[in-house]
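Below: the structure, in structure tokens.
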Amino acid sequence: MEPPLRDLPQLLVINPPAFFNYGDPFAAKFAVLRAWESPLPLPGFLSAHAQSARALLCSGAARCRRRGMAVANAGEVFSDDVADEAVGLALAVLRRVSAADRFVRRGLWAEEGDFALGSKLAGKRVGIVGLGSIGLQVAKRLEAFGCPVSYNSRTKKPSVSYPFYANVNSQQTQTHHMIDKSVLLALGKDGILINVCRGAIIDEKELVQSLVRGEIRGAGLDVFENEPNVPEELLSLDNVILSPHVAVFTEESFQDLAELMIANLEAFFSNEPLITLVIDE
Ligand SMILES: NC(=O)C1=CN([C@@H]2O[C@H](COP(=O)(O)OP(=O)(O)OC[C@H]3O[C@@H](n4cnc5c(N)ncnc54)[C@H](O)[C@@H]3O)[C@@H](O)[C@H]2O)C=CC1
Ligand SMILES: O=CC(=O)O
């Protein structure tokens, strides 16, 4: 028999979910109170339930942590998918997958014959900026392609033997626009850039110019500085693959995320340490 609702720990869910609605299996273990289904405005909803609830599902981790709340994140749940997307974008740019698709659909194969040559991924030198959980998965995949890997990260990682570079440019002091004109010029005409991280780490205006002028070979972009707006110039370029910030979007990763959330909530309600507690580096 299901325990009565009042005996279940209460969860306050603030934002409507993107890919699951906190139904089963959440409902079997928790009393889920959804702010967007409440007749009360959010402040009223929070003051009505905050006394009895101990767990809050929301975005805005930094603000919660400043108020002394324990915060759990998605841990490594998305790392495989984002790494797959990064390698997929690299292959798509080098082998010109989207352009080839358009070539066939437009009937140009029959009209014009051969499609322009692409370039192989195998053996290409790869620099990874940010060798965290996603970066490590990218490195693992690219090793299988025979690519020599090096990396830049905040600190050298003792667990890997890839060459470490302390800076990606001569004046690297912050993450914002760390991929600037000097990095793009160093990448050169045969180089490609893949971004599955955040748009703001690249100086997007400089990137657009480099692509338009052919100063780099191409780019695969899942993230942009001003999403969902994409610079107009990129839309007509054949050497760019555009993706709407979907690197994590697989059925499997959202299933894994739901399981991780439940495991974190169960740990929390049993006074055990959170599985993916966010801590300061
Ligand atoms: N496109 C998408 O759908 C997704 C994008 N992401 C983004 O991917 C990025 C990486 O995520 P994770 O690997 O899970 O994070 P992580 O925290 O495991 O790794 C981040 C790495 O970047 C390094 N880093 C941080 N600031 C740096 C700086 N200024 N210069 C050089 N290295 C720096 C850190 O030392 C760390 O090794 C994040 O920006 C995240 O927002 C994450 C999930 C999905
Ligand atoms: O970009 C998505 C994320 O989880 O970060």
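Below, the figures for the structure above:
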quantity	calculated
Whichever residue in the range 232-253 is over 17 Å from V93 (Cβ atoms) and surrounded by fewer than 18 Cβ atoms within 10 Å (Cβ to Cβ) and, among such residues, is nearest to ligand 2 (Cβ to nearest atom)	H245
Any hit, the range 164-186, residues being away from ligand 1 (no atom under 11 Å from the Cβ), of a type outside the set (D, E), touching a strand residue (DSSP E or B) at 6+ places or on another chain (Cβ under 8 Å) and closer than 24 Å to R95 by Cβ	yes
Entirely in the range 6-94, the helices (runs of 4 or more DSSP H) that have 1 or more residues that are in the same structural domain as G127 (by TED's automatic domain parsing) and away from ligand 1 (no atom under 16 Å from the Cβ)	79-94
Tabulated pairs, the range 228-248, first free of Cβ contacts under 8 Å to residues at least 60 places away in the same chain and in a strand (DSSP E or B), second of a type outside the set (G, A, S) and more than 13 Å from ligand 1 (Cβ to nearest atom), C-beta under 9 angstrom, 6+ apart or interchain	L242/V230; L242/L234; L242/L235
All positions within the range 264-281 that are in a loop (DSSP other than H, G, I, E, B), touching a strand residue (DSSP E or B) at 6+ places or on another chain (Cβ under 8 Å) and either modelled with pLDDT of 95 or more or of a type in the set (G, A, S) (or both)	L274, I275, T276
L257 in the same structural domain as K156 (by TED's automatic domain parsing) and either within 13 Å of ligand 1 (Cβ to nearest atom) or within 27 Å of F103 (Cβ to Cβ) (or both)	no
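The values are calculated or read from the model by the stated rules, or taken from the named source; none is laboratory data. As the structure is a prediction and not an experimental result, all values here were calculated from the model. Using ideal geometry, Cβ is built from the backbone for each residue, glycine included, and neighbour counts are taken over all protein chains shown.
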